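Chemist: I am attaching a structure below and will ask some questions about it afterwards.
The values are calculated or read from the model by the stated rules, or taken from the named source; none is laboratory data. Since we're looking at a predicted model, the values are computed, not measured. Here the Cβ positions follow ideal geometry from the backbone for every residue, glycine too, while neighbour counts run over all protein chains shown. The area values use the complete protein model at the heavy-atom level, side chains included, leaving out ligands, DNA and RNA. Shrake-Rupley method; radii C 1.70, N 1.55, O 1.52, S 1.80 Å.
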Amino acid sequence: MIGVVGPEDSIALIRSVAESNPDFESILFRAYQKPDDAVRVAREVEKSCKVILFSGRLPYALALKDPNVWTAELRFVPHTASDLYRALTYILRENSGEFVNFSLDVLSKELVAELCQEIGMPDVKHIWPFDSVPDNEIPSTEELIDFHVKAWQSGDVALCVTCLGAVHEALDGLGIPSRRVEHSRGSVRDALERARLVSDLRTNQATGIAVAIIQTPPTGNKATERYQLEIQDLRRREIALKVARQLRGQVAGVTSETITVTTSRGVVETVFERIRSAQRSALDMDELPEGTRVGFGINMTVESAEKNAQTALDISKNRQMFVAVLSDGSTWTGEAGEDLWTRDSNLAFRELSELLGVGPLAFSRLLSALRKLDHKSLTARQLGDAYGIEARSARRLLNSLARAGFAAEKGKEASRGVGRPQTVFEVHLTSMVAASEK
């Protein structure tokens, strides 16, 4: 299910778009009175929804700032260039085709600058820029109202333009001319479609494939005789069958060092939930040789789950505990009392996120987005769509990765429609993951 959170007028628009398309079903709508209430309202619907769609970037950013981990995927309906174009069209029509100076809030400064250049409009001097990168300072409703009031009182602007309904309403109450940048139905439809795809992906992930790799220490005495080798092989296969039975799975492979078992995500969740509550695990380590390590991987295919299991096994070298790597790159570790949904945030992980200028949670989301893309050939627009930010912010993030040695420019790609060619990057995802796990 998708939860939609926003002010009443935005909820009405999104509901109208959803009801006109049979693909958009199972949507839970919740309205708030002011943006500061967005996180509280979203928390109320979180347990019922796999995805929460905010009506704007500011309440979305407030949610990302919340210190408690979200189990739902967070998305927002962006105010696009076409939405701003439409607002400017109304302004021009109301002013006999003449440009007027106005103040503007919570849009990308670069987006506004490009738009002004494209249509020959004077630069917007009074602007409170805001992007969806979660580490940016988030303005309050009162601060935005005060910003517009001061711009109006200065005599520099004839109109205040805002993306927030609460700000628009407050300015109208003060008798200050204002216009709201509203979402187009197309913007809402695109956001709902992306949220639906993410919800479907989360549903599939919930019933995803899990692989366990059990690595046993090498035996001190290496058998050389045929019958001794066969006896050792039979013993390992017996152990493999016991492990498979405990994990309610199937043996996928047995070598001299590892046993691979396929099972389900639900079984792995049970293993870690029992560890978290200090109960005996379903996987009985007492029956395995001392020094055995276990790595779990969860993903959509056996091959990708096995890769995650191998990564988990590598992580467990330094921790001597169960580790699971999920499809979005987050990890579970076998520590009693640990919150199952807490993402791994070791020192190297935090240091790398700081190097890129984002917080640990934002960096975790970045890794998740890159895993969904062809990270060997991607543009800022593609990364922005997957990560939930404007293309300009994604371009800055890619440039930061390049400066840190984790990305490189490959060339240019012709832009769809009108626009400049897009720079194509190759991101060294394996190196990033390795650096974050040191």
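Chemist: If I ask for residues that are charged (D, E, K, R) and at pLDDT 90 or above, which ones from region 26-43 would you list? Lay out the reasoning, then the answer.
Modeler: Taking region 26-43 and keeping what is charged (D, E, K, R), we get 30, 34, 36-37, 40, 43.
Correct list: Arg30, Asp37, Arg40, Arg43.
Chemist: Okay, moving on. Filter region 12-34 down to the residues that are assigned to a helix (DSSP H, G or I), closer than 22 Å to Asp200 by Cα and not small (Gly, Ala, Ser), then identify the one that is most open to solvent (accessible area, probe 1.4 Å).
Modeler: The extreme case among them is Glu19.
Chemist: Further question: Tell me which of these Glu94 doesn't satisfy, since it passes every other one: (1) without any contact (Cβ under 8 Å) to a residue 60 or more places away in the chain; (2) open to solvent by 40 Å² or more (accessible area, probe 1.4 Å); (3) more than 30 Å from Ser20 (Cβ to Cβ).
Modeler: Among (1) without any contact (Cβ under 8 Å) to a residue 60 or more places away in the chain; (2) open to solvent by 40 Å² or more (accessible area, probe 1.4 Å); (3) more than 30 Å from Ser20 (Cβ to Cβ), the lone unmet condition for Glu94 is (3).
Chemist: For region 49-59, does any single residue satisfy the condition of being open to solvent by 30 Å² or more (accessible area, probe 1.4 Å) and modelled with pLDDT under 85?
Modeler: At the first step, the residues of region 49-59 found to be open to solvent by 30 Å² or more (accessible area, probe 1.4 Å) are 50.
Next, from what is left, pick out any that are modelled with pLDDT under 85: 50.
Yes, some residue in region 49-59 is open to solvent by 30 Å² or more (accessible area, probe 1.4 Å) and modelled with pLDDT under 85.
Chemist: Ala282 - would you say it is out of contact with any His (no Cβ under 8 Å at 6 or more places or on another chain), modelled with pLDDT of 85 or more and either in a strand (DSSP E or B) or surrounded by 14 or more Cβ atoms within 10 Å (Cβ to Cβ) (or both)?
Modeler: So Ala282 does not fit the description; no.
Chemist: Pull out all pairs, ordered by first then second residue, where Cβ-Cβ is under 8 Å, the residues are six or more apart or on different chains, the first lies in region 212-226 and is within 30 Å of Ser264 (Cα to Cα) and open to solvent by 100 Å² or more (accessible area, probe 1.4 Å), and the second is modelled with pLDDT of 70 or more and not basic (Lys, Arg).
Modeler: Pro218/Ser256; Pro218/Glu257
Chemist: Out of the residues in region 361-385 that are among the charged types (D, E, K, R) and within 23 Å of Ser330 (Cα to Cα), state the one that is modelled with the highest pLDDT.
Modeler: Result: Lys376.
Chemist: Give Phe76, Phe99, Phe130, Phe147 a once-over and let me know the one that is among the aromatic types (Phe, Trp, Tyr) and free of Cβ contacts under 8 Å to residues at least 24 places away in the same chain. Spell out how you get there, then give the answer.
Modeler: Details: Phe76 fails: free of Cβ contacts under 8 Å to residues at least 24 places away in the same chain; Phe130 fails: free of Cβ contacts under 8 Å to residues at least 24 places away in the same chain; Phe147 fails: free of Cβ contacts under 8 Å to residues at least 24 places away in the same chain.
Going through Phe76, Phe99, Phe130, Phe147 in turn, just one is among the aromatic types (Phe, Trp, Tyr) and free of Cβ contacts under 8 Å to residues at least 24 places away in the same chain: Phe99.
Chemist: Among residues belonging to region 216-260 that are assigned to a loop (DSSP other than H, G, I, E, B) and closer than 20 Å to Asp314 by Cα, point out the one that is modelled with the lowest pLDDT.
Modeler: Pro218
Chemist: Any chance region 81-102 includes a residue that's farther than 26 Å from Glu8 by Cα, within 30 Å of the chain's Cα centre (by Cα) and hydrophobic (A, V, I, L, M, F, W, C)?
Modeler: Checking region 81-102: not a single residue is farther than 26 Å from Glu8 by Cα, within 30 Å of the chain's Cα centre (by Cα) and hydrophobic (A, V, I, L, M, F, W, C).
Chemist: Is it true that Ser82 is open to solvent by less than 80 Å² (accessible area, probe 1.4 Å) and part of a helix (DSSP H, G or I)?
Modeler: Taking the combined requirement at face value, the residue satisfies it.
Chemist: Among the residues of region 386-424, write down those that are part of a loop (DSSP other than H, G, I, E, B) and at pLDDT below 85.
Modeler: Initial filter on region 386-424 (part of a loop (DSSP other than H, G, I, E, B)): 388-390, 404-406, 414-421.
Matches in region 386-424: Gly388, Ile389, Glu390, Ala414, Ser415, Arg416, Gly417, Val418, Gly419, Arg420, Pro421.
Chemist: Here is a further query. I'd like to verify a number: residues in region 367-390 that are more than 15 Å from the chain's Cα centre (by Cα) and among the small types (Gly, Ala, Ser), how many?
Modeler: 2
Chemist: I'd like to know if region 144-159 contains one or more residues that are in contact with a His (Cβ under 9 Å, 6 or more places away or on another chain) and under 17 Å from Tyr85 (Cβ atoms).
Modeler: No, region 144-159 contains no residue that is in contact with a His (Cβ under 9 Å, 6 or more places away or on another chain) and under 17 Å from Tyr85 (Cβ atoms).
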